Amino acid sequence: MAVMEKLKMFVVQEPVVAASCLIAGFGLFLPAVVRPILDSYQGPKQPPPPALNDVVAGMTGKK
């Protein structure tokens, strides 16, 4: 119980620092949790990029 009282006192005495710590906590928590969830989804396979010669030929009109 003493920890909660100290935390309340900290928030009352230093609200800007407490808010900054809260934002930092979210900043550390979200990438650690959300990124593995997003990686677990199997997205469609990306097609291979075209050859550079084909791109240059398409841009210049030469084939």
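The values are calculated or read from the model by the stated rules, or taken from the named source; none is laboratory data. It should be emphasised that the depicted structure is a prediction, and the values quoted were computed from it without experimental measurement. Glycine gets a Cβ as well: all are built from the backbone with ideal geometry, and neighbour counts include every protein chain shown.
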Go over the candidates 17, 3, 11, 33 one by one and state the one that is modelled with pLDDT of 90 or more and either part of a loop (DSSP other than H, G, I, E, B) or in contact with a helix residue (DSSP H, G or I) (Cβ under 6 Å, 6 or more places away or on another chain) (or both).
-> 11
Residue list for the stretch 36-54, restricted to those being among the hydrophobic types (A, V, I, L, M, F, W, C) and either assigned to a helix (DSSP H, G or I) or touching a helix residue (DSSP H, G or I) at 6+ places or on another chain (Cβ under 8 Å) (or both) = 37, 38, 52
Any idea which of 57, 24 is in contact with a Lys or Arg (Cβ under 7 Å, 6 or more places away or on another chain) and either part of a helix (DSSP H, G or I) or among the aliphatic types (A, V, I, L, M) (or both)?
-> 57
